[in-house]
There are 2 protein chains.
Amino acid sequence: MKNVLLTIEYDGTDFSGWQRQPGKRTVQGELERVLSRLCRMDVKLSGTSRTDAGVHALGQRACFTGEFAIPIANIPRAASDLLAAGMGPYKTGDVRVTAAREMPLDFHARFDAKGKTYLYKIAFGDAPSVFARNYSYFLKARPDVELMRAAAGHIVGIHDFKCFEAAGGTPRETTVRTITALEIAEIDGGITLAVTGDGFLYNMVRIITGTLIDVGCGRIHPDAIPQIIASRDRQNAGHTAPPQGLYLAKIYFDSQQLKFPLRAENAVV
Amino acid sequence: MKNVLLTIEYDGTDFSGWQRQPGKRTVQGELERVLSRLCRMDVKLSGTSRTDAGVHALGQRACFTGEFAIPIANIPRAASDLLAAGMGPYKTGDVRVTAAREMPLDFHARFDAKGKTYLYKIAFGDAPSVFARNYSYFLKARPDVELMRAAAGHIVGIHDFKCFEAAGGTPRETTVRTITALEIAEIDGGITLAVTGDGFLYNMVRIITGTLIDVGCGRIHPDAIPQIIASRDRQNAGHTAPPQGLYLAKIYFDSQQLKFPLRAENAVV
């Protein structure tokens, strides 16, 4: 019996999100179909994060267990080739397995995750460029980044983040989470946010991003953030930024390693 | 009677090229469908360049004539909105009309074009990133840019470029063309070529790009280029670079203005 941990990159544009759903094209569904064929067994994946439709991933993680013949080192190439089949002559599909390693049998990609970093990309223009339309949130006006940073300073820390939770997610025991870093950088003429924390509520990064944009555009005062958090009321926070700007960037299995330097080479997609 | 010149941006990934074809989704076909509805007449477009399937455009141009009621200034927004219909909630499709202006009745977008600039994007990596797979040509090894520039120096000028013409294009009176500039820049960790000339043969930019890559990888000596051109034989040139790295960047109607500074802001897509 082996337990395999995969690292997965995907363009979420043409997927109905991560989670397997009957009759829909999902990342988990596509991966399970291909891995079941490679491993000649019924593969069931446990993913760390259930990303929504349109959300992208640079470093999703997922594990599966089983008895199978294919060497683990061959899985990334073999799975990626099968995933690219039918995707035209250039041999890359919209999901790719970038790494695979064997883990102890008691390791679990979701329960053992100690934190995650999400990136959110914002671009500017009268209309979205046809090339960036699925990969950034387009704004007509440029928000004030210093106001956004002042507001972000109130979000970093241990808080009950119920005000940043959308309805419709999995019920949670607690809405207290730790945001260890919230960086905002001006890169390539746009704005990229990097949010790192020990866990995230449903749509939390998209609501934090929308709230920070509302602060940067003068609709919310940065010093109102502590009251908004204290209210625990979603109505008091800002709008929900759309899914296509969001990237699941990195997952951490060691709580000492929660950091993601927001340099151009890490933020450019 | 009015004659309208449009500027058009498109992501060529999901199109069977520019030219209208029965039963296929083409850029010309989509634009004619939408413009016919807006103008309440049967619009026939004359495009400057017939780009192939998978090739992108930042500044394609096309004109049409007719009697219609919609103000020309309203065409870009109205056409782009119709083109985005059914493309999801974010209101941008994969083709967009970025400008429209009235021209004299004897103006023609193809016959009056004095030159064009194409960009070609090359990226590096063991496997294409899922995000760049449709927008760059991925190479595993990095070609020597100085060798490529030495070869490019032999291509700039007035030559019979039959060696860089693929079979299957429209028959031409002459295969002599003028390449006014061929710049090669290292941008964003990749290589971008900008090729400007008074006209291009079928697949000419893709064959020039493939030949320059073959030079940069040591398969062709840069000083062999003059003999390759003199041979007028496609067999002697290099491989054809794939369509997804190619962008029709700009079209010129004034032969004094053929220039395209290859700065990061012009080359990044």
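What follows is calculated from the coordinates using simple rules that are stated; it is not laboratory data. Keep in mind that this is a model prediction, so the values were computed, not measured. When we count neighbours, we look across all protein chains shown, and the Cβ atoms used for this are built from the backbone with ideal geometry, even at glycine.
Details
- In the stretch B:115-267, the ratio of gyration radius to Kirkwood radius, Rg to Rh, stands at 0.94 when only Cα atoms are counted.
- As a length-normalised measure over Cα pairs under 8 Å and 6 or more apart, the relative contact order of chain B settles at 22 percent.
- P(r) of the stretch B:2-103 over all Cα-Cα pairs, binned every 10 Å from zero, in whole percent: 16, 54, 28, 2
- Of all beta-carbon atoms in chain A, the one sitting closest to the axis that brings chain A onto chain B gives A:D188, 4, with the distance in whole angstrom.
- Gaussian network model of chain B, springs between alpha carbon atoms under 10 Å - residue of B:P104, B:P128, B:P243 with greatest fluctuation: B:P104
- Distances from B:S36 to itself in the other copies, using label points 7 Å out along the Cα-Cβ axis, amount to 4.4 nm in increasing order.
- Label-point distances for A:A166 to the equivalent site in the other copies, using a point 7 angstrom along Cα→C-beta, read 4.2 nm when ranked shortest first.
- Rounded to the nearest 5, the antiparallel percentage of DSSP beta bridges internal to the stretch B:115-267 is 90%.
- Whether chain A is rounded, prolate or oblate, judged on the alpha carbon gyration tensor where a/c under 1.5 counts as rounded: prolate
- Helix B:75-84 axis, angle to chain B major axis (alpha carbon atoms, nearest 10°): 80
- GNM on chain A, alpha-carbon springs under 10 angstrom: the most fluctuating residue among A:V27, A:V145, A:V55 is A:V145.
- The trypsin sites (Lys or Arg not before Pro) of the stretch B:196-269 meeting both criteria, a DSSP state outside H, G, I, E and B (loop) and at most 16 other C-beta atoms within 10 angstrom of the site's C-beta, are B:R219, B:R232, B:K259, B:R263.
- Taking Cα atoms only, the orientation of helix A:145-155 departs from the longest principal axis of chain A by about 70 degrees.
- Efficiency of FRET from Cβ geometry, A:N236 and B:R33, R₀ 41 Å, rounded to 0.05: 0.35
- Principal axes of the protein assembly as shown: Cα extent on each, largest first, Å: 75, 60, 42
- Using just its DSSP H runs of length 4 or more, each adding -39500 (n - 2.57), chain A gives a mean residue ellipticity at 222 nm of -6500 deg cm²/dmol after division by all residues.
- Distance between the stretch B:196-245 and the stretch B:1-80 - C-alpha centres, whole angstrom: 31
- Cβ-vector label at 7 Å, B:E186, separations to other copies in nm: 2.8
- Computed from Cα atoms alone, the Kirkwood hydrodynamic radius reported for the stretch B:39-86 is 12.8 Å.
- Whether the stretch A:69-156 is rounded, prolate or oblate, judged on the alpha carbon gyration tensor where a/c under 1.5 counts as rounded: oblate
- Contact order normalised by residue count of the stretch A:100-187, Cα under 8 Å, 6+ apart, percent: 22
- Taking A:T13, B:T175, A:T196, B:T211 and counting other C-beta atoms within 10 Å, the order from fewest to most: B:T175, A:T13, A:T196, B:T211
- Taking other residues whose beta carbon is less than 14 angstrom from the beta carbon of A:V43, and scoring Lys, Arg as +1 and Asp, Glu as -1, yields +2.
- The loop-placed GluC sites (Glu not before Pro) in the stretch A:1-81, going by DSSP, that have at most 12 neighbouring Cβ atoms within 10 Å of their Cβ come out as A:E67.
- Amide H contacts under 5 Å for B:A181, placed H, 5+ residues apart: B:T196
- Gaussian network model of chain A, springs between alpha carbon atoms under 10 Å - residue of A:G23, A:G238, A:G66 with greatest fluctuation: A:G23
- The stretch A:22-176: C-alpha gyration tensor shape, a/c 1.5 cut-off, then a/b vs b/c: oblate
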